[in-house]
1. Modelling each spin label as a point 7 Å along the Cα-to-Cβ direction, I'd like the GLN119/ALA30 distance in nm, to one decimal.
2. Just going by the charge dipole of the stretch 174-284, with Lys and Arg at +1 and Asp and Glu at -1 on Cβ, which of CYS217, THR275, VAL249 is farthest out on the positive end?
3. Taking the mean number of other Cβ atoms within 10 Å as a proxy for protection, how do you rank 61-67, 46-52 from highest to lowest?
4. Calculate the spin-label point distance for SER228 paired with ASP139, positioning each point 7 Å from the Cα along the beta-carbon direction, and give it in nanometres.
5. Extension gain LYS23-GLN255, at 0.36 nm per residue separation less the Cα-Cα distance, in nm?
6. With a cut-off of 14 Å, note down the residues of the stretch 205-219 whose backbone N falls inside the zone around a label point 7 Å from the Cα of TYR189 toward its beta carbon.
7. Please compare each pair in LYS193/LYS266; LYS123/LYS266; LYS123/LYS193 to a cut-off of 31 Å on the Cα-Cα distance and tell me which ones are over it.
8. Which whole-number percentage describes the relative contact order of the stretch 64-206, with Cα contacts under 8 Å and a sequence gap of 6 or more?
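We did not get these values from a lab; they are worked out from the coordinates using the rules stated. Everything quoted here is computed from the prediction, not taken from an experiment. Here Cβ is always computed from backbone atoms with ideal geometry, including for glycine, and neighbour counts include all displayed protein chains.
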Amino acid sequence: MKYRNLLIPDQSCSDSVSSVLQKYQYQIFAYRHTFQNRVRQLSNVLIPHIKLAVIRQGECSVTIQGQTFHAGPGDLFLIPPYLLHSAQFITNSLETYELLFQVSGLFNQEQWLTLFHHQLWFKQLIDDPTFELIRYWIDNAEKQNAGYVLGLQHLISLLAVMMLKNNQGPFIAASADSAMLSTAEKFLYELEKSDEALSVQDYCDRLHVSQSYLCRCTLAIIQLSPQSLIIQHRLYRSLTLLADPDLSVRQISEQLHYLHPSYFSKQFKATFSLTPNAYRRIYYRKP
């Protein structure tokens with residue numbers, strides 16, 4: 001049997017999907033294989049990780065940030081961080097595989113998520129051979145066999161390839177040149193390290209670019225405007241601050257440079273479908 005040559009002189013062989021995905025590193029936080037034999041409602045969940053959930057057997061009604069899907073065997077859900085999601089059993093039993101992870105680096109995580117054009121539900125994506133691979137790697141992880149973390153990272157890459165092939169839209173990364181990628185990355189870096197109340201123009205002055213150019217860069221790479229990213233960054237910081245019971249919502253809004261606590265609460269609820277106090281009661285059991 002002959003070898004197939006994967007090298008071209010002065011150029012390694014690659015394909016478009018692999019080229020897009022090969023730079024990403026995945027950090028695994030949790031995984032599970034569940035099989036439940038009772039009808040029940042899974043209450044709203046809000047987590048700081050990306051969640052991939054695959055249904056092996058059974059049917060359920062899945063609600064993600066107000067959108068409801070009737071899901072069955074072979075369906076895959078991609079749930080970005082901080083999106084409220086819940087599920088209600090339709091059949092008496094439900095078997096699922098779930099992975100919680102992050103893509104290393106804020107810039108990489110945002111860019112990875114936009115590759116799928118905000119698609120949350122991939123209907124009948126998983127076939128039987130893929131289920132066997134999922135079962136194999138989750139079983140290895142549960143037994144903590146040597147190399148299981150790399151196996152789960154490989155599994156995420158495999159599912160990402162399947163989602164990209166299923167999604168007919170063009171790759172976001174292919175539509176932007178290296179200068180735009182660099183500008184968007186620098187903006188996110190400045191945003192992460194700053195605790196000041198900076199405007200979009202302040203960031204433009206630091207990066208020596210115009211507002212229109214910065215907006216083109218972030219929309220092309222992340223599909224969000226600079227102002228939306230500034231708001232998102234503030235609200236994600238607020239989730240950490242809300243874990244401190246000694247800080248009032250007013251104090252948190254001041255730390256985040258909101259002029260009025262009511263406006264902070266309004267933006268928080270618009271993003272997470274909960275008020276700051278309701279979030280505290282659910283996740284930190286604050287009376």
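1. Each label point lies 7 Å from its Cα, and together they span 2.7 nm.
2. Going by the charge dipole, the pick is THR275.
3. 46-52, 61-67
4. 4.3
5. Working: separation 232, 0.36 × 232 = 83.52 nm, distance 3.53 nm.
Gain on stretching LYS23 to GLN255: 80.0 nm.
6. Zone members listed by number: 206-208.
7. On the way: LYS193/LYS266 25 Å; LYS123/LYS266 34 Å; LYS123/LYS193 39 Å.
Correct reply: LYS123/LYS266; LYS123/LYS193.
8. 27
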